[in-house]
Structure formats: C-alpha cells, structure tokens
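Nothing in this text is a laboratory measurement; each read-out follows from the coordinates by a stated rule. None of these values were measured; they are calculated from a predicted model. All Cβ positions, even for glycine, are placed from backbone atoms using ideal geometry, and neighbour counts span all protein chains on display.
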Amino acid sequence: MQLLLALFYFFYFALVGVYVIFLPKVLELSGYSAIDIGIIFAAAPLVRFIVPFLFIKGFKLDARSFNFALSIMILSAISFYFSLDSFYKLLFSNIGIGVGMSLILPYIELISLNNLGKEKYGKIRLFGSVGFILVSLVVVKFLDPPSLALLYLLVISFFVVIIAYVIVQGQKEILNKTSKEKNDINILKDWKLWLGLTLMQVGFGPFYNFFTIYETDFGLSLDMIIYLWCFGVVVEVFMLFFQGRFLRNNLLLVLQITTFITAIRWFLVFLFPQNLPILFFAQSLHALSFALFHSAAISYLFVLYKHKSLAQQFFSGITYGFGSFIGALYSGYMYEYFPEYLFLSASIVAFLACLSIYFWGKKKHDIDVVNTKSL
C-alpha cells in the first residue's frame, strides 16, 4: 500500500506542477488576458468548494462516488487537450477537472492517515514533491509549441486515475465505514478556524496563478523561475521527511506560526521581485507555508472531528476550493490593474489568516478550560 500511495502522490503532484506552473503561461502565450486566466483557473476551485456540500444533501461519500470522480477527471483532461482555442471550452474542461480533483485527493489523504498515521504521512507524501520537481524540470525543456503542456496534463492524468483506482479497490471498507459517521462538523460554530484555513489559500492565489508571469515580467528567465519553483519543493521534501516531530504536540501553534511566516514570505516577494538571493530565501519558506501547514491542518481536522472523511472533503472544498477560487479571481484583477501590489495583497491576506487561527485557538482554549472546571 505504501508503494501505491507514493506513486499516487508522485503523479498527482506532477499533474499539479503542469497545472500551476505552465498552464497560466500557456494561456498567456495563446492570447488570453490576465482576467481570462484568473476566471478560468477560478472555475475548478469553485466547484471543489460546492461538491462537499452535496454530501450533506444525500450524496454518499463512498467508493462508488470516488470511481465517478475518476471518470469525470479523465474525461475532462481529454477535453482540456482539445480546448486551447476556446475560452468557454477551457472553462468547462477546468470545471470538470475541479470536480474530479475535489474528490480524489481527500479520499487518498484519508486512506494515508488511516494506514500511516500523521507522523509517517509526510515520508510518503514527499514523493508528490519529487514528482512536482521532476515534471517542472522536464516540461520546461519541451514547451514548443506551448500546447504540449496540455498533452502532459492528459498523460499524467491517466496515471493518476489508474493508480487511484487500484488503491481504493483494497480500501473500500475504510471509505464506506467513515461515510456512515454522523456529521459533527459545524462550520458556522467553528468559523474562525475555517476562515483562517481559507484565507491561507486565498493568499496563495497570486503565487499559484501568476508567479511565473509576474517574475518573467520583471525580467527573470523561465529557466530561473523553474529553479525557484523547484527549490521551494526541494525544501518542502525535507520538511515532509522530518516534520513528524512538529506534529506530535500543539497543532494549532504550528498553524499560527506557518501562516505568519507565509505573510513574511509574500512580503519579501513584493519588496524584492528581482533579487535572486531573497527570492530563493522566500521560496525556502515553502517548507513551512505549504508542507508543514498542510500536514498540520489535515492532522488537526482528523483529530477534531469524528466524521473524518467529510472533514477532509470540507478542507479540500472550502480551503483549496473556495479559497483558491477567490485567490485566482482576485489575483487576476489585481494583476490586470495593480500588478506591482499583487504580493503585498497576498501578504496581508496571509496575516489575516494568522489572526483568525490565533483567535480560534484562544476561543477553544477558553472553552476547554471551562469544560475542565465543570468536570
């Protein structure tokens, strides 16, 4: 099982690498405006936000819905390959990919946490970072014509779907069992926590959707930008391997620290968009702002809620879904009208995420103290 999970993460995040590094640039080279790119890349996360709420209304969060998501994902990847000439084709293909990815990764995360535990999770998840690096270094050499990126997207999607299908065939009991748990997730009650997690992803919008375009406009070569992407993922790999010790105790404190450091990271990019040493330092913070934050977040929700599969779906849908939707949309308009302030806005959003999680932790601490005294 560990080998299958490692292969899944490798190809899944290789797919993410093609998607976030190259496709925005491909669309720009194909004549799409920054607003067009922002809208297209906002569609998939918006669907990821909507999908988890369907399960509250009666859809079953089981192996059958997982296989349906696999079908949607591969069909959308095929249609994406033939859609470069049309804004609306790209938009609807991206929506389909959003449906597939909104369901697939949370299922696999649940299986990983059940089989590996939170301390060993990172050592398997790091293979995703390796896949991200390798595809970045390879694809950049073969982007003529730019539409080749869509072929990479299609081929890698096939590998993701096949491996995910094999994994779930041996884990149906876990999915079917957790789908029967009573829903104990109250987003309105826990709004400070969910707001903080969501704002963190909103702040990543400028990075995921416009970092490549932003830096090329400041004169950096595409090769150097790829090295920056890859360096961030290399330090992410080291964090995933050694992060177990950080996840043993206060997960909320980890979330507060990583969101604050992320605010510093985006502020450095804003201040020094052409300074390579500082840009590499900012990218080194990816180990904290993505790797450690992500592991701490899914681990905290895994412990906090009884309905663990739905908790992971909501984390994917609300934070990576709605948060990424807002991040992609606002960053498109920011880059169209105020490009020089793009990463300053990201820094402010990340700082607000830190404040929100801090006040959630303070509130929860006060509640726990009251409950303890009442025993």
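Could you please report the charge total around Ala42, scoring K, R as +1 and D, E as -1 over all other residues with beta-carbon less than 15 angstrom from its beta-carbon? It works out to a net charge of -1. Can you tell me how the chain classifies by the Cα gyration tensor, rounded, prolate or oblate, using a/c under 1.5 as the rounded cut? Oblate shape, in that a/c is at least 1.5 and b/c is the bigger or equal ratio.
What relative contact order, as a whole-number percentage, does the chain give when Cα pairs under 8 Å and 6 or more residues apart are counted? Over the chain, the number comes to 30 percent.
Note that the range 45-51 has calculated 3J(HN,Hα) couplings of x, 5, 5, 4, 5, 6, 3 Hz, one per residue in order, obtained from phi through the Karplus relation 6.51 cos²θ - 1.76 cosθ + 1.60 (θ = phi - 60°); glycine and proline are x.
Oblate is the label for the range 257-348, because the ratio a/c of its alpha-carbon gyration tensor axes (a ≥ b ≥ c) is 1.5 or higher and a/b is not greater than b/c. Could you put Asp217, Asp36 in order, starting from the residue whose Cβ has the fewest other Cβ atoms within 10 Å? With the fewest neighbours first, Asp217, Asp36 line up as Asp217, Asp36.
Exposed loop chymotrypsin sites (Phe, Trp or Tyr not before Pro) only (DSSP loop, at most 16 other Cβ atoms within 10 Å): please give the longest stretch of the chain free of them, not including the sites.
The longest such stretch corresponds to 219-375.
With the charge dipole of the chain set up from +1 on Lys and Arg Cβ and -1 on Asp and Glu Cβ about the Cα centre, the Cα lying farthest toward the positive end among the listed residues Gly205, Ile226, Pro52 is that of Pro52. Summary: within the chain, the longest segment free of trypsin sites (Lys or Arg not before Pro) located in DSSP loops with at most 16 other C-beta atoms within 10 Å is 61-140. Measuring between their Cα centroids, the range 1-24 and the range 187-203 lie 26 Å from each other. Considering only Ile257, Leu148, Val130, the residue lying farthest towards the positive end of the dipole of the chain is Ile257, judged by Cα position with unit charges set on Cβ. If the elastic network links every pair of Cα atoms under 10 Å, which of Asn250, Asn209, Asn67 fluctuates the most in the Gaussian network model of the chain? Of Asn250, Asn209, Asn67, the most mobile in the Gaussian network model is Asn250. GNM remark for the chain: springs join alpha carbons under 10 Å apart, and the peak mean-square fluctuation among Ser93, Ser157, Ser33 falls on Ser33.
Backbone geometry of the range 319-328 corresponds, through the Karplus equation with coefficients 6.51, -1.76 and 1.60 at θ = phi - 60°, to 3J(HN,Hα) couplings of 7, 6, x, 5, x, 6, 4, 5, x, 5 Hz, x marking Gly and Pro. Dividing the helix sum by the residues of the chain, where each DSSP H run of 4 or more adds -39500 (n - 2.57), gives a mean residue ellipticity at 222 nm of -26000 deg cm²/dmol.
A Cβ-based charge dipole, computed about the Cα centre of the chain with Lys and Arg at +1 and Asp and Glu at -1, lands at about 1580 debye.
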